[in-house]
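Peer 1: Sending over a structure as structure tokens; questions will come in a sec.
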Amino acid sequence: MSFEHVSVMLMPTVDMLNVREGGIYVDGTLGGGGHSAEILRRLNGTGHLYGIDRDNDALAAATERLGAAGNFTAVKGNFHDVRALLAERGVEKIDGMMIDLGVSSYQLDTAERGFSYHADAPLDMRMDQDQALTAREIVNTWSAEEIARILREYSEEKWAVRIAQIICEHRARKPLETTGDLVACVDAAIPKKVRMQDNGHSARRTFQALRIAVNDELDPLKKALEDMVDLLNPGGHIAVLTFHSLEDRIVKQTFRRLANPCTCPPKIPVCICGKKPIVRILGGGGVKPDKEEVERNPRSRSAMLRGCEKLEKQE
């Protein structure tokens, strides 16, 4: 299967980056290279673009698509480690960076990757297939308490304890091996009447929580955003696409804190903490895809685009 992915909010995201010829830019979630291709087009053969991804298939596909550009470098790694990855290549400052926190269409549609509850496939869910931890290991070896915790924290699943209990009962008889086994556990845990009233498949929250846990998507995000801002030259932009409320909350709160870091009590008339704004929030706080894009690509309906600009100087 070829690596195909419809880039969500392509033009709004790259517009938010404010790409300038001669600049140094980073696509922290390279995927199939859709956003990167547009960034390179706007660089017009100048500057440089670094595309980071931990998925070997994505790196191969993007390199085939973009490798002819002399100002493009594909980097195997996680954008959480962007500071170290760029330092290894002698890059200390950048003019912009974007990340798309969604799962690619390729990953969802390639059954053997184990991201989708629509097809029976091995319980994998790794974005980086070189890593050891898989969804199969979590559901078969983690305690019921730990499984329930990630279901609550990473998907706000109301039936977390019951699902964890059913998973443990299932694995006591035989290990869970496939996505079908996991869906069956969710179906057994949530009453049919409740499942019929659910807006979408009841297993989607469990799959989301396990994917986040396998790929450690949330815990390092705040620090990664801070590193991205720190790497920016004054006037540089960051653009972030999120697809669920948990990651969007982290992005929103991090940008707000950097835009207004003052820790003085609200009733104090004059700031005495001395903390000055580092960024300016872009896009009015958040941008949703338009109706036409949602109709063309239903997977974009939950997207939220947020961005910030590094201030020229502290105000």
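Peer 1: Give the label of the value calculated from the structure for Cα extents along the principal axes in Å, choosing from [x] 61, 58, 40; [y] 61, 44, 35; [z] 57, 42, 40.
Peer 2: Computed from these coordinates, Cα extents along the principal axes in Å corresponds to label [x].
Peer 1: Using Cα atoms only, what is the angle between the long axis of helix 144-155 and the major principal axis of the chain, expressed in degrees (0 to 90) to the nearest 10?
Peer 2: On a 0 to 90 degree scale, this one is about 40.
Peer 1: Restricting to the chain, what percent of DSSP beta bridges are antiparallel, rounded to 5?
Peer 2: 40 percent
Peer 1: Additional query: How large is the accessible surface per residue of the range 39-183, computed with a 1.4 Å probe and reported in Å² as a whole number?
Peer 2: With the other protein chains kept in place, the range 39-183 gives 45 Å² per residue.
Peer 1: Another question about this same structure. Want the number for S245 to N233: 0.36 nm per residue separation, take away the alpha-carbon distance, what's left?
Peer 2: 1.4 nm
Peer 1: How many percent of the accessible area of the range 132-279 is carbon or sulfur, using a 1.4 Å probe?
Peer 2: 53 percent
Peer 1: Listed highest first by mean packing, meaning other Cβ atoms within 10 Å per residue, what order do 72-82, 108-118 come in?
Peer 2: 72-82, 108-118
Peer 1: Measure up K267/K310; K93/K276; K174/K252; K76/K310; K76/K174; K223/K288 against 32 Å on the Cα-Cα distance and list the ones that go over.
Peer 2: Distance filter (> 32 Å) returns K174/K252; K76/K174.
Peer 1: For the range 234-309, taking Cα atoms only, what is the radius of gyration to one decimal and the Dmax to the nearest whole Å?
Peer 2: 15.8, 51
Peer 1: With a bin width of 5 angstrom, please list the P(r) values of the range 111-242 as percents of all Cα-Cα pairs, from the 0 bin to the one holding the largest distance.
Peer 2: The percentages, shortest bin first, are 2, 10, 18, 21, 17, 11, 7, 6, 4, 2, 1, 0.
Peer 1: Shifting gears a bit: Scan around T178 for amide H atoms under 5 Å from its own, H built in the peptide plane at 1.01 Å from N, and keep only partners 5 or more places away or cross-chain.
Peer 2: L123
Peer 1: Follow-up. Pop out the ³J(HN,Hα) list for the range 159-170 in order, Karplus 6.51 cos²θ - 1.76 cosθ + 1.60 with θ = phi - 60°, rounded to Hz; leave Gly and Pro as x.
Peer 2: Those phi angles translate into 9, 4, 5, 5, 4, 4, 5, 5, 4, 5, 5, 5 Hz.
Peer 1: Could you please state, rounded to a whole Å, how far the C-alpha centre of the range 204-226 is from the C-alpha centre of the range 94-166?
Peer 2: Rounded to whole Å, the Cα centres lie 9 Å apart.
Peer 1: Based on the mean of other Cβ atoms within 10 Å per residue, sort peptides 192-200, 273-281, 170-178 so the most packed one is first.
Peer 2: Listed from highest to lowest mean packing, they are 273-281, 170-178, 192-200.
Peer 1: Quick one: helix 179-189 against the long Cα principal axis of the chain, what's the angle to the nearest 10°, folded into 0 to 90?
Peer 2: Approximately 70 degrees, to the nearest ten.
Peer 1: Right, next: So what's the angle, to the nearest 10 degrees on a 0 to 90 scale, between helix 221-231 and the longest Cα principal axis of the chain?
Peer 2: Tilt of helix 221-231: around 20 degrees.
Peer 1: Helix-derived [θ] at 222 nm for the chain: sum -39500 (n - 2.57) over DSSP H runs of at least 4, divide by residue count, nearest 500?
Peer 2: -12500 deg cm²/dmol
The values are calculated or read from the model by the stated rules, or taken from the named source; none is laboratory data. If you're wondering where the values come from, they're calculated on a predicted model, not measured in any experiment. Cβ: placed from backbone, ideal geometry, glycine included. Neighbour counts: every protein chain shown. With ligands, DNA and RNA removed, areas are computed over all heavy atoms of the protein, side chains included. Shrake-Rupley method; radii C 1.70, N 1.55, O 1.52, S 1.80 Å.
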